[in-house]
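Student: Sharing a structure below in structure tokens format, with a few things to ask.
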Amino acid sequence: MRRIGNEEYWRIRDFLRQVILLRGKQDYCWHVARFDYWRWHGIENLQAYPSLDSSTFIWEIRDNRIAAVLNPEGKGEAFLQVHPDYHYRGQLEEMVTVAEEQLAASDPSGERRLKVWCNEHDAILQELLVGRGYTQEDYAEYQRWRVIDGQIPQAKVAPGYTVRSLGDKDELPTRSWASWKAFHPDEPDERYEGWEWYFNIQRIPLYRRDLDLVSVAANGEIAGFCTVWFDDATRSAYFEPVGVMPAHQRRGLGKTMMYEGLNRLKRLGATKAFVGSYEPVAHALYASAGFIEYDISEAWFKTF
């Protein structure tokens, strides 16, 4: 095991692609787009961690090939991304030990906390976590996917709205404001910190403006957004984020944008798409767009 340097970011991306191609889903690792999004949004924008190399660890085998990657997403979290050929107790136990030493969060009293995410069918990791004093939380991610084939429905756009690609720099402030209102509806607007963070989103290697979709109201306001990340190496895609401002909800805009994204992906040659959901409203939206297959990633928690 060792920490990584920023130059190894590209090697990790290739590792994640290999596992997705092997497994066809995310039960053993993230999609490369999620890793990209965490690198450029979680670290650069949200500053969840100072840098990639301060929070990410790799295990290598012969010929310097990566066998496993350990990284967080939020503070006090750990994701164990392991090639199926090396998914055994000794490897997982070493990764959990490093996670407890390096990724646990501390509160003012000195108590440390760690949340480890585990696939619901991963009996080896579950048994290990129970033995180390972890408790399963009543909280999980549904890692959804759907095949892109056949006829993708063309959802009707609500009257007074259009769905199109994001415009140029002049449109970034209203796109950023839509994100703030969609994801922080109960927070005071005084906490809004501006729109320049979106430049880092556009620096992500997989970013394509034609897949950065928005719903636009008749007055020109961006009402909703749906960013799609297409990885041509795996012919797969990832939806992140999808949101609609509260004032424009219940008009089918989320589903409309997802169908538009799926149709664009089909024209690009994509064969599968992924999206993650945590709450009932998101579950229902994504299922209605055809993402009915899923794995469940469960949260296991420990204080020490």
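Student: May I ask you to list pairs of residues, at least six apart or on different chains, whose Cβ atoms are under 6 Å apart, with the first in region 104-131 being farther than 26 Å from His83 by Cα and the second being aliphatic (A, V, I, L, M) and surrounded by fewer than 18 Cβ atoms within 10 Å (Cβ to Cβ)?
Tutor: Note: pairs meeting the criteria are Arg113/Ala105.
Student: I'd like the full set of residues that are more than 18 Å from the chain's Cα centre (by Cα), among the polar types (S, T, N, Q) and either farther than 17 Å from Val244 by Cα or buried (at least 16 other Cβ atoms within 10 Å of the Cβ) (or both), limited to region 256-304.
Tutor: Scanning region 256-304 gives Thr256, Asn263, Thr271, Thr303.
Student: How about region 16-36: which of its residues are of a type in the set (A, V, I, L, M, F, W, C) and buried (at least 21 other Cβ atoms within 10 Å of the Cβ)?
Tutor: Taking region 16-36 first, the residues of a type in the set (A, V, I, L, M, F, W, C) are 16, 19-22, 29-30, 32-33, 35.
Those that are of a type in the set (A, V, I, L, M, F, W, C) and buried (at least 21 other Cβ atoms within 10 Å of the Cβ): Leu16, Val19, Ile20, Cys29, Trp30, Val32, Ala33, Phe35.
Student: Sort out which residues of region 1-34 are part of a helix (DSSP H, G or I) and in contact with a helix residue (DSSP H, G or I) (Cβ under 6 Å, 6 or more places away or on another chain), and write them in order of number. Walk me through how you get there before you give the answer.
Tutor: First, the residues of region 1-34 that are part of a helix (DSSP H, G or I): 6-23, 32-34.
Answer for region 1-34, where residues must be part of a helix (DSSP H, G or I) and in contact with a helix residue (DSSP H, G or I) (Cβ under 6 Å, 6 or more places away or on another chain): Arg13, Leu16, Arg17, Val32.
Student: Right, another one. Any residue in region 183-196 that is within 27 Å of Trp30 (Cβ to Cβ), of a type outside the set (A, V, I, L, M, F, W, C), at pLDDT 95 or above and touching a Gly at 6+ places or on another chain (Cβ under 6 Å)?
Tutor: No, because not a single residue in region 183-196 is within 27 Å of Trp30 (Cβ to Cβ), of a type outside the set (A, V, I, L, M, F, W, C), at pLDDT 95 or above and touching a Gly at 6+ places or on another chain (Cβ under 6 Å).
Student: Kindly indicate which of Leu92, Leu125, Leu103 is crowded, with 18+ Cβ neighbours inside 10 Å, in the same structural domain as Arg13 (by TED's automatic domain parsing) and under 14 Å from Glu298 (Cβ atoms). Give the derivation first.
Tutor: On the way: Leu92 fails: under 14 Å from Glu298 (Cβ atoms); Leu103 fails: under 14 Å from Glu298 (Cβ atoms).
Of the residues listed, the single one that is crowded, with 18+ Cβ neighbours inside 10 Å, in the same structural domain as Arg13 (by TED's automatic domain parsing) and under 14 Å from Glu298 (Cβ atoms) is Leu125.
Student: In region 37-66, how many are in a strand (DSSP E or B) and surrounded by fewer than 18 Cβ atoms within 10 Å (Cβ to Cβ)?
Tutor: Of region 37-66, the ones in a strand (DSSP E or B) are 57-60, 66.
Next, only the ones that are surrounded by fewer than 18 Cβ atoms within 10 Å (Cβ to Cβ) stay: 60.
Of the residues in region 37-66, 1 are in a strand (DSSP E or B) and surrounded by fewer than 18 Cβ atoms within 10 Å (Cβ to Cβ).
Student: Can you report the number of residues in region 218-230 which are touching a Phe, Trp or Tyr at 6+ places or on another chain (Cβ under 9 Å) and surrounded by fewer than 20 Cβ atoms within 10 Å (Cβ to Cβ)? Step through it out loud before you land on a result.
Tutor: Applying the first criterion (touching a Phe, Trp or Tyr at 6+ places or on another chain (Cβ under 9 Å)) to region 218-230 yields 218, 221-224, 226-230.
Checking the rest, the ones that are also surrounded by fewer than 20 Cβ atoms within 10 Å (Cβ to Cβ) come to 218, 221.
Result for region 218-230: 2.
Yes/no matrix, rows are residues, columns are (1) of a type outside the set (Val, Ile, Thr); (2) closer than 30 Å to Val130 by Cβ:
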| position | (1), (2) |
| --- | --- |
| Ile222 | no, no |
| Val242 | no, no |
| Pro246 | yes, no |
| Gln249 | yes, no |
| Met258 | yes, no |
| Ala273 | yes, no |
| Ala289 | yes, no |
| Lys302 | yes, yes |
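Student: Next up: How many residues are among the hydroxyl-bearing types (Ser, Thr, Tyr) and out of contact with any Leu (no Cβ under 9 Å at 6 or more places or on another chain) if we restrict to region 139-173? Lay out the reasoning, then the answer.
Tutor: Step one: filter region 139-173 for residues among the hydroxyl-bearing types (Ser, Thr, Tyr), giving 139, 142, 161-162, 165.
Retained after the next criterion (residues that are out of contact with any Leu (no Cβ under 9 Å at 6 or more places or on another chain)): 139, 142, 162.
Residues meeting the conditions: 3.
Student: Also, I was wondering about something else. So Ala233 fits all but one of (1) more than 19 Å from Gln143 (Cβ to Cβ); (2) surrounded by fewer than 20 Cβ atoms within 10 Å (Cβ to Cβ); (3) without any contact (Cβ under 8 Å) to a residue 60 or more places away in the chain; (4) of a type in the set (A, V, I, L, M, F, W, C); what number is the exception?
Tutor: Condition not satisfied by Ala233: (3).
Student: Scan region 142-149 and give yes if some residue there is within 28 Å of Gly261 (Cα to Cα), touching an Asp or Glu at 6+ places or on another chain (Cβ under 6 Å) and surrounded by 19 or more Cβ atoms within 10 Å (Cβ to Cβ), otherwise no.
Tutor: Narrowing region 142-149 to residues within 28 Å of Gly261 (Cα to Cα): 142-149.
With the extra rule that they be touching an Asp or Glu at 6+ places or on another chain (Cβ under 6 Å), the set shrinks to 143, 145.
Then drop every residue that is not surrounded by 19 or more Cβ atoms within 10 Å (Cβ to Cβ), which leaves 143, 145.
Among the residues of region 142-149, at least one is within 28 Å of Gly261 (Cα to Cα), touching an Asp or Glu at 6+ places or on another chain (Cβ under 6 Å) and surrounded by 19 or more Cβ atoms within 10 Å (Cβ to Cβ), which makes the answer yes.
Student: Given the structure, is Gly76 over 22 Å from Ser51 (Cβ atoms) and surrounded by fewer than 21 Cβ atoms within 10 Å (Cβ to Cβ)? Break it down stepwise before answering.
Tutor: Working: over 22 Å from Ser51 (Cβ atoms): no; surrounded by fewer than 21 Cβ atoms within 10 Å (Cβ to Cβ): yes.
In short, no.
Student: Something else: What number of residues in region 156-203 are part of a helix (DSSP H, G or I), surrounded by 11 or more Cβ atoms within 10 Å (Cβ to Cβ) and basic (Lys, Arg)?
Tutor: Here the count works out to 2.
Student: Give all pairs with beta carbons closer than 9 Å in which a residue from region 158-185 that is more than 18 Å from Val228 (Cα to Cα) meets a residue that is surrounded by fewer than 18 Cβ atoms within 10 Å (Cβ to Cβ) and basic (Lys, Arg); count only pairs at least 6 apart in sequence or on separate chains.
Tutor: The qualifying pairs are Trp180/Arg191; His184/Arg191.
The values are calculated or read from the model by the stated rules, or taken from the named source; none is laboratory data. As the structure is a computational prediction, the values presented were derived from the model and not from experiment. Cβ: placed from backbone, ideal geometry, glycine included. Neighbour counts: every protein chain shown.
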